[in-house]
Amino acid sequence: MKLLLLAAVCFVLGSCTAQDDPVFDVRSSRLLEVVSAENEVSPYVIAAKVRTGRDLAGACLLLDSLTRDRAMGGMFYAYSLIGAYLFTRDALPDSLHAKVRLAFRDRTMYRGDTENHWVMYYTGLYLAAQTWPGEGRDTWFNGKSSEENFQEAAEWLGHWMTTSATIGQGEFDSPTYITTFLTPMIVLHEFAEDPVMKKRAGMMLDLLFADFAAEHLEGNYGGGHSRDYPEDIINPLGAPSTMWAWLYFGKPEFEQWEEARFRPRNRGGWETAFGALGSYRLPPMIRSIATDRSEPYVHTETKRVRNVIRLGTEKNPPVYKYTYVTSDYILGSLHGGILQPIQQHTWDVTFASGRPNNTIFTLHPYASGKELAMFFPEEIKFLADEVDRYHLVYTSPDKWNSSSPYERTFQHRNTLIVLYNIKEGEMHPHIDGFFPKNLDERMESAGWILCRAGKVYVALHPVRRGQWIEETVNWRWRSHQLKNGVIVEVGSEREDGSWEAFRTSLATTRLDTSAFNTTLSLSYRNRQGVDLRFSFDGTRMVNGKEIHLTDYGFFEGPFLQSERGSGRITMRYKGRSRTLDFNTTEIME
Amino acid sequence: MVIRSVIIAGLLTCLMVSLYGQTDEPTVYVSVFSTKLFVVGAANPQTGMFFQKPSEDTVWHHTGAKNIRANALAVFPGVNGRIRYTASGNGLHRTRDGGRSWKITTGWRITEIWAVALDRTDSMNVFIGTAYGIYKSTDMGDTWKQVFTGFVSCVIVDRFDPSILYAATEIGLYKSTDRGETWKRTGLSIDRTRTVTQHPKDPLTLLAGTENHGIYASSNGGKTWEKREAGIDHATFYTIAYDPRDPSIVYAGGYATGVYRSTDGGTSWKRTCQGFEIEHIHSIAVDPVHPNRVYAGTMGAGVYRSDDKGETWRAVGLPGAQVGRIVIER
C-alpha cells in the first residue's frame, strides 16, 4: 500500500517536474507521503493531502478551519494561505474558494516589521491580487483595490530582490529564517503569471540556495548567522535549513523529523512540502557546490545590517563574513559588534557528525534596550521586556545567541581570534563558551582547551581563565574577565593526522599578550607559522600586512563571486559558470 | 394622582438628562499598540483603535483593522468622528465615513508610523511622524512627500497658525514655519525629545517631554527653554496634556511616573499614582466637557480614568493593553 502511494505521488510529481532530478524526486515523494498523513491545520498539510490525492475530504475540512479563525492573521498566514489555495484550487469546492477569498477581506494581514515578514506579506498580497484581479477596494482587508495591491507588492518584491542581489539580505544566512524566504519564493516562482516576476523569483531561489550551499556541510549551515534560535545554534542539524538541505542538496542522509535528536522545534514546520510540490529545481551546479568538499576553501561575503533607525549613523552598514570550509568542519565568523538585534550568532566551528550539538563557540550575552532601539521603533525602556515575551531568552545571562558591541573577531583560514572588551556595569559581565558533552575528548593542557569530535580537532586558548559549568547537553565555559580573548585552532585527521599530532602542533604556536592590558591587542603565530595581529580597535594583520575587510567581495571564493553593488552573482564549478544578472533578469550559463 | 404626576415628571427628567447627556457626551478614542499576549504573526488579542462614550465606563468598541499595533491616532474635529486616522507599523489607516470603511493610505515606502497630526483648519492636510522621518499629505493621505529625515515620536500642528508645526525627534525638537516643508531645530539642547504640547490659549507657550531629561518649557515658540523640575522625580515623559478649559492645570506622564499634575501651568508638579496597577503612562487626555475627568493610557494595563482631576484613578478597560494615544472629541 505504501509503495503504491509512493508510486502515485511520484506520478503526480512527475507530471510537473521541470527537469530530471532523481535525488529530489525520491525525497520529495517521501516528504509528501509523510506530510499528507499529518492532520494539523496547516497549509502545507492541506496542499500535500490534496496534491497526493490522499485525503481530499480531510484537506477541505482543514482548509475550512484555516479560514474560520478570524483572530488569526498576518504575514505567515497571508502567503501560506494563498500558497495552499493555489496548489489545490482545482480540487476545491466552490464554498472553499469563497472562504479563502473572504479571508483576504475580513482578516488583517499585518505586514510586520522584519525583512522576512515583508517577503511573506508581499508575496501573499501579490498572488492574492493576481488571483482576484479587478476587484474593488471594499473587497480587500486594506481598502485598496486589486490593482493597487498588486502594484505595491510587485514594487516592493522587486526592490527586495534588487537589494538582496546588490548589498545583501539583512536577515542573511539564517538556519532558522531561511525557510521564511525560500517558501514564499517557491510559491511566487510557481504561481506568478508575470514571466519576469516568475524568473526573478527563481533567480532569488538560486541565490538563496547558492548562498547556503557555499557554507553547507552535511546538512549543517556553517559560518556566522544574522539570526538564529538558540535551540538551532546549539543543535545545528535541528534547524529548518536542514530540511531544505535534505530535500535539495541530498544531505543529510537521515530524515530530520524521524530523528528525535535532530527533530525541529516545530514538527509542523512542513514548509518544504511547498518545495516538493513546486516545479523549481535546483541547478545541479548548486548541489555540487553544496556537497563537493574535496578541497578546503576560504569563502568571504559582505552582507548588510538591517535598517538602523536610530542611535546610529548609517542605515545599512556592511557585515563582513569569513568562512573556512573543509570536508570535516566549517569555521566561520562575522566580524563582530552589533550586526543584528537579538539573535546574532557571531562565530562557531560546526563539524560533520552523526551526533547532535555538533558545534563549539563563545559569545558575550549582551542585552539592552539601546541595542533593540537601533532596530525597533518601540519605546526603548520597554523593548527588552517586549522582546523577551516572544524570544524568551533575550535578557537571560545564559542565552546562546547575542550581538555584542564588546566582541570582535579576526579569522585566517582555520585560525580564529575573538576579543572581548566588556564595559563595566553591563547586565551580563561574562563570556560563555558552548562545548557539547558528547565530544570524544575534552581536556586542558598548557592553557589550551582541547576537544576532539571524531576526526575533528578543536583547540581554544582563552587569554584569561574561566570555569566549567555542567548543563544538560553541554559544558558551559564561563569567564567573568571583562577583557578577554580566545584563540581558536581547528584541524582534522585529514589535515593534521592523529589527535596527538594536532596537540603537539600547538606547541609551535606563539601567543604574545604583552599589549593586551593596555591596547587590547595581541599577536599570535599559528600552527602553520602565520603571524596574526589583532586589536579590538579593528587592526587585523597577516604576516605584517593589514587586512581590510572592505576588500571582501559581495561573494568571494572558489564557488561564488560577485562585486558588491553589481547585481551580478557568478557561480563556478569545475570550469563551468552560471551568472545571475539581476540588472537584466538574465541567467548566463 | 399626585404620585403618578411625580413619577411621570421624574421619568421625563431622567429622559431629558439622558438625552442631554448623550448629545453632550464626547467620544474617547484610544490606540492600542499591543497587549501582554501579543506574539508576531499569531492569533492575537485585538489591537488597533477602540472608542467609547464616558458613560460606557469599561466598555470599549473596536473599529477598523485588527492586530495592527496602533501607535497613535487622530480625529478631525467637528465632524462627529467621521474622519479618523490610525497610525501603525502597517501604515496609516483612514476612515472618512465614521469607521464603516477603512483604507491604508500609505504604501511600502512608509512604515513604522508613530505620530499623526491634522490641520484643524483644512482636513486635507495630514502629517505623520515615522521611524524614518516626517511625511506630509495635502490630499488626506492619498499621496505623501517626505519633508524631514530622522526618528520622530510626535508631531503637532499649531492650533492658531497651521503653517507652524513642531516635532519631537531623536535628534532634537524641531519647528516648521512653512506648513512642514522645511524644519529647523528649536533652542532646546536635548536630543531625544518624546512629546511636545502647545498651550490651548497662548500659542507661544510649549511644554516638551524628553527621554531621560525631564520636562522643558518655552514661552517664545521654542526659541528658548527652561527645565521644569519642581516636584518632579522622574526623567522620561511620553505625554503632556493641558486642561483645555483651565490651562493652568497640566498633566504629564512617562516611564514609571504615574501621573504628574501641575496647577500653575507646568511650573511645579505633584505626583499622583493612586489606583494604578502600572505606573508607565504613555498618553493623557482631558475631557473637554467635564474637566474633572481625565484619561490615562498605560503601557500594559489598559486605560485609567480619574474623575477628580487626577487625584485618584481607576481602570476602565482594555486590560493588558499598551495604549499609545488617547483623543477625546465631541
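What follows draws every value from the coordinates through simple rules; no lab data is involved. Just so it is clear, the model here is predicted, and its values are computed rather than measured. We place every Cβ from the backbone using ideal geometry, glycine too, and count neighbours over all the protein chains shown.
Tell me the Kirkwood hydrodynamic radius of the range A:297-547 in angstroms, computed as one over the mean inverse distance between distinct C-alpha pairs. Before the final figure, lay out each step's value.
Values: mean 1/r = 0.0534 Å⁻¹.
The Cα-based Kirkwood calculation yields 18.7 Å.
Here A:Lys455 is the anchor, and the lysines within straight C-alpha reach of less than 18 Å, apart from those fewer than 8 places off in the same chain, are A:Lys437. Annotated for the range A:2-291: lysine pairs at least 8 residues apart or interchain, Cα distance under 27 Å, count 10. Please work out the Cα center distance from the range A:441-503 to the range A:184-212, rounded to the nearest Å. So the two Cα centres are separated by 42 Å.
Remark: mean inter-chain Cβ contacts per residue of B:64-74 equal 4, using a 10 Å Cβ-Cβ cutoff to other protein chain atoms. Within the listed set B:Asp243, B:Asp191, B:Asp24, the Gaussian network model of chain B (springs between alpha-carbon atoms below 10 Å) gives the highest mean-square fluctuation for B:Asp24. Helix B:2-24 against the longest principal axis of chain B: what's the angle in degrees, Cα atoms only, rounded to the nearest 10? So the helix axis and the longest Cα principal axis differ by about 10 degrees. Between helix A:56-68 and chain A there is an angle of about 80 degrees, using the helix long axis and the longest principal axis of the Cα atoms.
For the pair the range B:292-330 and the range A:524-559, the centres of their Cα atoms are 58 angstrom apart. Would the range B:78-122 count as rounded, prolate or oblate if I go by the C-alpha gyration tensor, calling it rounded below 1.5 in a/c and otherwise prolate when a/b exceeds b/c, oblate otherwise? Oblate, since a/c reaches 1.5 and b/c is not below a/b.
Name the shape class, rounded, prolate or oblate, that the alpha-carbon gyration tensor gives for the range B:223-306, where a ≥ b ≥ c are the square roots of its eigenvalues, rounded holds for a/c under 1.5, and otherwise prolate holds if a/b is larger than b/c and oblate otherwise. Working shown, then result.
Details: a/c = 1.83, a/b = 1.15, b/c = 1.59.
Oblate, because a/c is 1.5 or more while a/b does not exceed b/c.
May I ask for the percentage of alpha-carbon pairs in the range A:432-589 that lie more than 24 Å from each other? Result for the distance tail: 54 percent.
When its C-alpha radius of gyration is set against 2.2 N^0.38 Å (N residues), the range A:349-489 gives a value of 1.12. Size check on the protein assembly as shown: the Cα extents along the three principal axes, sorted descending, read 109, 72, 53 Å.
Among B:164-171, A:544-551, A:187-194, how do they line up by average Cβ neighbours within 10 Å per residue, starting with the highest?
Numbers: B:164-171: 23.9, A:544-551: 11.0, A:187-194: 20.5.
Per-residue mean Cβ counts within 10 Å order the peptides as B:164-171, A:187-194, A:544-551.
Quick one: plug the Kirkwood hydrodynamic radius of the range B:29-329 (C-alpha pairs) into Stokes-Einstein at 10 °C, 1.306 mPa s, and report D in µm²/s.
Working: Rh = 18.8 Å.
For these conditions, the coefficient is 84 µm²/s.
Between the range B:139-184 and the range A:300-358, how many Å separate their Cα centres? Rounded to whole Å, the Cα centres lie 39 Å apart. Mean partner shielding of peptide A:507-518, defined as the number of other chain Cβ atoms within 10 Å of each residue Cβ, is 0. Inter-chain Cβ neighbour count for B:85-95, averaged per residue, equals 2 (cutoff 10 Å, partner chain atoms only).
Label separation (A:Glu255 vs A:Arg476): 3.6 nm, computed from points 7 Å beyond Cα along the C-beta direction. The calculated pair-distance distribution of the range A:2-291 uses every alpha carbon pair, bins of 5 angstrom beginning at 0, and gives 1, 6, 13, 17, 19, 18, 14, 8, 4, 1, 0 percent.
Within the shell of other residues whose beta carbon sits under 9 angstrom from the beta carbon of A:Asp432, the net charge comes to +2, with Lys and Arg scored +1 and Asp and Glu -1.
The amide H of A:Leu532, built 1.01 Å from its N in the peptide plane, has A:Tyr524, A:Arg525, A:Asn526, A:Asn543 as neighbours under 5 Å, considering only residues 5 or more places off or on other chains.
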